[in-house]
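K.L.:
I'd like to ask you about the structure that follows.
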Amino acid sequence: MTAAELQLLARPQVRDLASYNAGLGTEAVSKRFGLTRVAKLGSNENPLGPAPAVAAAMAQACSSIALYPDASCLELRAALSAKLGVPGNQLVFGNGSEDLLSIISRVFLDQGDEVVTVVPAFGLHFIYPIAAGAQVTGVPMTDEVRFDVPAMIRALTPKTRLLMFSCPSNPVGCTLDADELQQLLAALPPQCLLVFDEAYYEYAQFEEGYPDCLGLIQASGKPFILLRTFSKAYSLAGLRIGYGIVSDPLLADLIDRLRTPFNINRVAQAAAVAALADEEHLHAGLAHVAHERRHMVTALHNLGLDTAPSMANFLYFSTPYPAETLNQALLRKGVIVKPWRENGYTQYLRVSIGSCEDNDLFLKALASVLAAQKDAD
């Protein structure tokens, strides 16, 4: 069959989908450019690694990997229920929170439904709804790269089935304050489900001005699914485990009907339980990010670059040059960042807060690249 004929085997919604930009790995960059040292700052990973007890928990779980994992995640469910003060039957689990985004789109969206999100966006907030047949409206952020709440409210219609966005925003890092969140909640149409992607919650929870989003959403009485993950602050990205808090056990039941029965493997469940128990390690990682984020903001400003306000473990900043041009130059110097490719934002880069050494390597490389671009002009 020809490529065109093979394309026709897929549903129309899938044929024109853009691929998600998952970022580059250190191995590929090292091999491509012949490098021995690479700073991987494109995927918002935790440079401190997981809590010490995680490795032991994983090793113990490996003794039983011939057996299927607990499909209900009972031990992890109980630990999260106790920590969050949420009934266990209002928790759902995914192979990363991306898995839950996919399931949510397939459960709650149909052909012609409408979804409202924001741009710049986490790509899967577009890809999964479009694949389900929905139409997605992306509401641009303000010129200051903050949520445009009045515009988000205006975008809601009687056909809006999902309002789905991340807070703190990925890729920007900005957040809603309590008043803005309550304005959005009050404006939700009756048939609209709020999907509140709080993947970077831990980094923001102790920052001044970050509201108790879960508490406010619960108090609203509106239907919601709030997503969190063990990939970021808990440093379990390689194990793929995320979870959601739902407003009603019926939503959990609907989601469970379409998730694969054993979507959280035995080792990931054990690791998550161990990671959740080590508050000291978690707080050490949060303190590192807060300190290094301030350092990097100052350094980027000294280079003449504007950074968006961030409460996450990354920074989003504009440059005078195409992001892809700078990205390629940084790769040659052993630095992986994420250039943004959405229309209107192609001069923005997102950089993760890494180790002190990786952050300094990035700042040195960026200064060199910017100077070379200026000389070329």
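K.L.:
At 1.4 Å probe radius, can you tell me the per residue accessible area of the chain in Å²?
P.N.:
44
K.L.:
Assuming R0 = 25 Å, can you tell me the calculated FRET efficiency for the pair Ile153 and Arg106, based on Cβ-Cβ distance, to the nearest 0.05?
P.N.:
It comes out at approximately 0.40.
K.L.:
Moving on to the next point. Just to compare against my own numbers: the Cα pair-distance distribution for the stretch 314-365, 5 Å bins, whole % per bin, please.
P.N.:
Each 5 Å bin holds this share of Cα pairs: 4, 22, 32, 26, 11, 4, 1.
K.L.:
Using the Karplus curve 6.51 cos²θ - 1.76 cosθ + 1.60 with θ = phi - 60°, what ³J(HN,Hα) values do you get for each residue of the stretch 334-339, in whole Hz, with x for Gly and Pro?
P.N.:
x, 10, 9, 10, 10, x
K.L.:
Let me ask something additional. If a paramagnetic tag sat 7 Å from the Cα of Ala219 along the Cα-Cβ line, which residues of the stretch 165-179 would have the backbone N under 20 Å from that point?
P.N.:
Within reach of a label on Ala219: 167-168, 175-179.
K.L.:
With the full set of protein chains in place, find how many percent of the accessible area of the stretch 317-369 is carbon and sulfur; take the probe as 1.4 Å.
P.N.:
On the stretch 317-369, the fraction of accessible area on carbon and sulfur atoms equals 51 percent.
K.L.:
Moving to a separate point now. Would you kindly give the portion of the calculated P(r) for the stretch 52-278 that falls above 33 Å, as a percent of all Cα pairs?
P.N.:
Tail fraction, whole percent: 15.
K.L.:
While we're on this one: With the Cα gyration tensor of the stretch 1-89 giving a ≥ b ≥ c as the square roots of its eigenvalues, does the rule (a/c under 1.5 for rounded; else a/b larger than b/c for prolate; else oblate) give rounded, prolate or oblate?
P.N.:
oblate
K.L.:
Add +1 for every Lys or Arg and -1 for every Asp or Glu among the other residues with Cβ under 10 Å from the Cβ of Tyr203, and state the total.
P.N.:
Net local charge, Tyr203 excluded: 0.
K.L.:
First compute the accessible area of the stretch 52-278 with a 1.4 Å probe, then give the percent of it belonging to carbon and sulfur atoms. The partial results should precede the final answer.
P.N.:
On the way: 4800 of 8830 Å².
About 54 percent, which is the carbon plus sulfur part of the accessible surface.
K.L.:
Mean Kyte-Doolittle of at least -0.5 plus a Cα span of 18 Å or more along the axis: flag which DSSP H helices in the chain meet both, please.
P.N.:
Membrane-span-like by this criterion, though nothing is claimed about a membrane: 356-376.
K.L.:
Further question on the same structure: Which three extents, in angstrom, do the Cα atoms of the stretch 223-370 have along their principal axes, listed largest first?
P.N.:
52, 38, 27
K.L.:
Please find the FRET efficiency linking Arg15 to Ala284, where r is the Cβ-Cβ separation and R0 is fixed at 35 Å, and quote it to the nearest 0.05.
P.N.:
Step by step, r from the Cβ atoms, then E = 0.15.
K.L.:
Follow-up question, since we're still on this one. Do you know the relative contact order of the chain, to the nearest whole percent, from alpha carbon pairs under 8 angstrom that are 6+ apart?
P.N.:
Relative contact order of the chain: 24 percent.
K.L.:
Any chance you could run the full-extension gain for Thr325 through Glu27? It's 0.36 nm times the residue separation minus the Cα-Cα distance, nm to one decimal.
P.N.:
That pair, Thr325 and Glu27, stretches by 105.2 nm at full extension.
K.L.:
Leu250 to Lys83: extension gain in nm, 0.36 nm per residue of separation minus the Cα-Cα distance?
P.N.:
Extra length available between Leu250 and Lys83 comes to 57.9 nm.
K.L.:
A follow-up question, please. Restricting to the stretch 52-278, what percent of DSSP beta bridges are antiparallel, rounded to 5?
P.N.:
Approximately 35 percent, going by the DSSP bridge assignments.
K.L.:
A further question follows. Lys and Arg at +1, Asp and Glu at -1: add these up for the other residues within a Cβ distance under 14 Å of Gly344 and post the number.
P.N.:
Here the count lands on -2.
The values are calculated or read from the model by the stated rules, or taken from the named source; none is laboratory data. Remember, predicted model here, so these are calculated numbers, not experimental data. Here Cβ is always computed from backbone atoms with ideal geometry, including for glycine, and neighbour counts include all displayed protein chains. SASA here: full protein model, heavy atoms, side chains in, ligands and nucleic acids out. Shrake-Rupley method; radii C 1.70, N 1.55, O 1.52, S 1.80 Å.
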